[in-house]
1. Can you confirm whether Glu254 is over 25 Å from Ser383 (Cα atoms) and surrounded by fewer than 23 Cβ atoms within 10 Å (Cβ to Cβ)?
2. Can you name the number of the only condition in (1) away from the ligand (no atom under 13 Å from the Cβ); (2) at pLDDT 95 or above that Glu4 fails?
3. Could you tell me which of the residues Gly367, Gly350, Gly356, Gly374 is within 16 Å of the ligand (Cβ to nearest atom) and more than 18 Å from Val263 (Cβ to Cβ)?
4. Of the residues Ala156, Ala137, Ala133, which single one is within 16 Å of the ligand (Cβ to nearest atom), of a type in the set (A, V, I, L, M, F, W, C) and in the same structural domain as Ala72 (by TED's automatic domain parsing)?
5. Are there any pairs, at least 6 apart or on different chains, whose C-beta atoms fall under 7 Å, with the first in the range 234-245 and touching a residue at least 60 places away in the same chain (Cβ under 8 Å) and the second of a type in the set (Val, Ile, Thr) and not in a loop (DSSP other than H, G, I, E, B), and if so, which?
6. Based on what the data block shows, is Leu384 closer than 20 Å to Leu180 by Cβ, hydrophobic (A, V, I, L, M, F, W, C) and more than 16 Å from the ligand (Cβ to nearest atom)?
7. Identify the single condition in (1) farther than 18 Å from Phe310 by Cβ; (2) in the same structural domain as Val341 (by TED's automatic domain parsing); (3) surrounded by fewer than 17 Cβ atoms within 10 Å (Cβ to Cβ) that Ile164 does not satisfy, given that it satisfies every other one.
8. For the range 140-153, name all the residues that are in contact with a Leu (Cβ under 7 Å, 6 or more places away or on another chain) and within 16 Å of the ligand (Cβ to nearest atom).
Amino acid sequence: RTLESLGSLEGKRVIVRCDLNVPLKDGVITDDGRVRASLPTLNALINAGARVIVCSHLGRPDGAPDPQYSLAPVAQRLSELLGKPVAFARDTVGESAKEAVASLEDGGVVVLENLRFNAGETSKDDATRQGFAAELAQLGDALVSDGFGVVHRKQASVYDLAEILPSAAGLLIATELDVLDRLTENPERPYTVVLGGSKVSDKLGVISHLLPRVDRILVGGGMLFTFLKAQGHAVGSSLLEEDQLDTVRGYLAEATERGVEIVLPTDVVVAASFSADAAHEITAADAIEQTSFGASGIGLDIGPETASAFAEAIRSSKTVFWNGPMGVFEFPAFAAGTKAVAQALTEVDGLGVVGGGDSAAAVRQLGFADDQFGHISTGGGASLEFLEGKKLPGLEVLGWA
Ligand code: 3PG
């Protein structure tokens, strides 16, 4: 179901479920990528003369109002980006929301307060969720679901609301699926996947699903130390998931059998402590405890030799998907690996995709522009679950699965 399937939207109240879950620091948005990504759909609806009711979650509040998770700064940013006034309702389905919706003119926009200030949004109980969805449904005549980053959640505004109102996918979801389909249906070869971030346990599904489908997997980030340990190397005080060692050994064996390369770092940057100004040394990946920090050294980035090898592997690929920073990129001293991977991704002669979440924040923080990449997904967990081949409730309900 596409936007066109909803027919004329002039004068209609259209609820748009976006994912405006942006990072905030002291009430200031530090990466507005998700707000910008919502603009094509919102502009299309404004131009069609719809009365646009934007809703989203932000963070993980506990089902009750919590000022630190208010969408007010997002409404403000949206107004700047749209270049027009945007009203803000201080609740989601209460009096403020009803009044704001009733005052909307054709082409007008209101942002409702955080959906997750209502326990019904994320409830595991179907009836509770459906009850909240029914309250939301009273605000609109139709639903446009465009929060790609949240389609893996079976939540009231993502799933149940679409069963009540006439609904369609927005332009962001359509774009995201176009790109992700290119990664899953006959991707051009060589196909390289770059995985980083802190935890192996977050990536188990994607590794096991992608192993039979890709040519190589490059492993960086905090998770690399569990791989090194699985190969028998000491990793000092680096991040380690002991309970995943057997699983990782299984992947290494399966990769060998299938002829897929799992490329691990040959050198790493080891620091005296986890801090921006920590003393640090570069060492071979099999000699982490042999720096002057001994067994207390913590690996915080891939080393320069690894960064060059990863960059070369990326540049020589036709399809690349990257999820998870290579090191603690928030600290400039440990950002070089992530920067090298990002730079190489901009040089891919083919499709280079940055898979949402921390990797998207990283490339922007490191000074890259969105249009340097083939695609920056707005979905972290959602794009990973899509690549795992999982059914995503928010797409299934729209008939897009
Ligand atoms: C995300 O940031 O991945 C999405 O906004 C989903 O958020 P959630 O993990 O809190 O459901």
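The values are calculated or read from the model by the stated rules, or taken from the named source; none is laboratory data. Bear in mind the structure is a predicted one, so any value in this text is a computation, not a measurement. Heads up, the Cβs are rebuilt from the backbone with ideal geometry, glycines too, and the neighbour counts pull from every protein chain shown.
1. Taking the combined requirement at face value, the residue does not satisfy it.
2. (2)
3. Gly356
4. Every option except Ala156 fails the conditions.
5. Ala234/Ile288; Val235/Ile288; Gly236/Val270; Gly236/Ile288; Gly236/Ile298; Ser237/Ile298; Ser238/Ile288; Ser238/Ile298
6. No: the conditions fail for Leu384.
7. (2)
8. Residues satisfying the conditions are Ser145, Asp146, Phe148, Val151, His152.
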